[in-house]
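This report refers to the structure that appears directly beneath it.
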Amino acid sequence: MRILLNVEIDTAKGNELIKAGKMGEVMEGLVGKLKPEAAYFYARNGCRAQTFVVDVPDAASLPSLAEPFWGQLGARVEALPCMNAEELREGIGRLG
C-alpha cells in the first residue's frame, strides 16, 4: 500500500531544533526509519514541509508513520493512499 505522506513542521518547534543544531539529526532519523521511495522538502503554508512516498504493508502502519512527526516535530501530518502508473493501469483494468 503506497502512501503519500505530507508533513508540515510546527514553526516554533522547527526553530527550536535549528537553534539547538538538532534539525538535521532529527530529520535524518525520521527519514531513515521511513525509507521513502521519494522525499521532497519545501515551504508550504509558511512552514517547513516535506512530502514522502512510502510503501507500507497495510493501513495499520499509519500510526507508526505519523506519530514520530507529531511527537518530535509537532507536525501536521496528512496521509493519502496513492498509486504509481502500473497500479493505476491495473486498477483501471479492474473496472471492466
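Within segment 4-28, restricting attention to residues that are touching a residue at least 40 places away in the same chain (Cβ under 8 Å) and over 10 Å from the mean Cα position of the chain (by Cα), the residue that is nearest to E78 (Cα to Cα) is I9.
Among the residues making up segment 58-76, those that are open to solvent by less than 70 Å² (accessible area, probe 1.4 Å), within 16 Å of N15 (Cα to Cα) and part of a helix (DSSP H, G or I) are F69, G71, L73. If I filter segment 10-49 down to residues being part of a helix (DSSP H, G or I) and open to solvent by 90 Å² or more (accessible area, probe 1.4 Å), which single residue comes out as nearest to C82 (Cα to Cα)? Selected residue: K33. Evaluated against (1) under 12 Å from the mean Cα position of the chain (by Cα); (2) aliphatic (A, V, I, L, M); (3) open to solvent by 40 Å² or more (accessible area, probe 1.4 Å), M1 falls short on exactly one condition, (1).
The values are calculated or read from the model by the stated rules, or taken from the named source; none is laboratory data. The shown structure was predicted, so the numbers you read here are calculated from the model rather than taken from an experiment. Ideal geometry is used to build each Cβ from the backbone, glycine not excepted, and the neighbour counts take in all protein chains shown. Calculation scope for accessible area: heavy atoms of the full protein, side chains included, ligands and nucleic acids excluded. Shrake-Rupley method; radii C 1.70, N 1.55, O 1.52, S 1.80 Å.
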